[in-house]
Amino acid sequence: MTDPVKERIHTAEYFALPETMQPTQLIDGEIIETPSPTPEHQDIVLEIAYFLKTLAKGRGWRVFVAPLDVEFDEFNAPQPDVIVVLPGSLCRVTDTRLIGAPALIAEVLSPGTEKNDRSGKFRLYEKHGVREYWLVDPDPRLVEVWTLQGDRFARLEVYSTDERFASPLLGEITVSNLFAS
């Protein structure tokens, strides 16, 4: 017996659903629900957002955290952990969501989401022109940095907490600033 084919839904249908407290995303027309993140995950998300928000002061950048929908196309509206919108980026901030590719997205990896963050979301962000993508691994506290070169992501490097890297978008980043102490 074969599995029934799942019906894909459009973003218009997704945004018409009632608001939920369950983390929910639309990926390739499929509603993906995940359990709430762990306290450690949220500590790191907030640490990254705080650090980026501090960098953003006076520069016109906008920094957001999940849950916030980023509508990429008619079948995709993920909720990245941390989102940076720079002036002149492809992303438009509306009253209800972001539309288009933010300049930078950071995803904090967890056992339940790592595969999708490294594959499905990776390809989605690459396809739609996210200029920089950080995969943040809580244990062993590493940051894998990808930058868009042409229409493909190229890996800059993997950095540990005792290192710094030159973000093509944001300048020099001290990795230890991205993790809760």
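The values are calculated or read from the model by the stated rules, or taken from the named source; none is laboratory data. Just so it is clear, the structure is predicted and the values come from calculations on it, not from any experiment. Quick reminder, even Gly has a Cβ in these numbers, built from the backbone with ideal geometry, and neighbours come from all protein chains shown.
Looking only at the range 146-167, count how many residues are within 30 Å of E74 (Cβ to Cβ) and in contact (Cβ under 8 Å) with a residue 12 or more places away in the chain. Spell out how you get there, then give the answer.
Restricting attention to the range 146-167, the residues satisfying the condition of being within 30 Å of E74 (Cβ to Cβ) are 146-155.
Remaining after also requiring in contact (Cβ under 8 Å) with a residue 12 or more places away in the chain: 146-148, 151-153.
Adding up the residues that qualify gives 6.
From the list L98, L135, pick out the single residue that is over 22 Å from L156 (Cβ atoms), among the hydrophobic types (A, V, I, L, M, F, W, C), in contact with a Leu (Cβ under 7 Å, 6 or more places away or on another chain) and modelled with pLDDT of 95 or more.
The conditions single out L98.
Restricting to the range 129-145, name every residue that is closer than 18 Å to V45 by Cβ, charged (D, E, K, R) and in contact (Cβ under 8 Å) with a residue 24 or more places away in the chain.
E132, D137, R141
From the list V45, V63, pick out the single residue that is at pLDDT 95 or above, within 13 Å of the chain's Cα centre (by Cα) and part of a helix (DSSP H, G or I). Lay out the reasoning, then the answer.
Working: V63 fails: part of a helix (DSSP H, G or I).
It is V45.
Out of (1) at pLDDT below 95; (2) surrounded by 13 or more Cβ atoms within 10 Å (Cβ to Cβ), the odd one out for Y159 is which?
The one condition Y159 does not meet is (1).
Does F51 satisfy the criteria of being in a helix (DSSP H, G or I), in contact with a helix residue (DSSP H, G or I) (Cβ under 6 Å, 6 or more places away or on another chain) and either surrounded by fewer than 16 Cβ atoms within 10 Å (Cβ to Cβ) or not β-branched (V, I, T) (or both)?
Answer is yes for this residue.
Among the residues of the range 39-48, which ones are surrounded by 14 or more Cβ atoms within 10 Å (Cβ to Cβ) and either among the polar types (S, T, N, Q) or more than 15 Å from A106 (Cα to Cα) (or both)?
Across the range 39-48, the qualifying residues are E40, Q42.
Any residue at all in the range 23-34 that's within 12 Å of the chain's Cα centre (by Cα) and hydrophobic (A, V, I, L, M, F, W, C)?
Within the range 23-34, none of the residues are within 12 Å of the chain's Cα centre (by Cα) and hydrophobic (A, V, I, L, M, F, W, C).
Report whether or not P138 is under 24 Å from N177 (Cβ atoms), surrounded by 22 or more Cβ atoms within 10 Å (Cβ to Cβ) and not polar (S, T, N, Q).
Values: under 24 Å from N177 (Cβ atoms): yes; surrounded by 22 or more Cβ atoms within 10 Å (Cβ to Cβ): no; not polar (S, T, N, Q): yes.
No, not satisfied.
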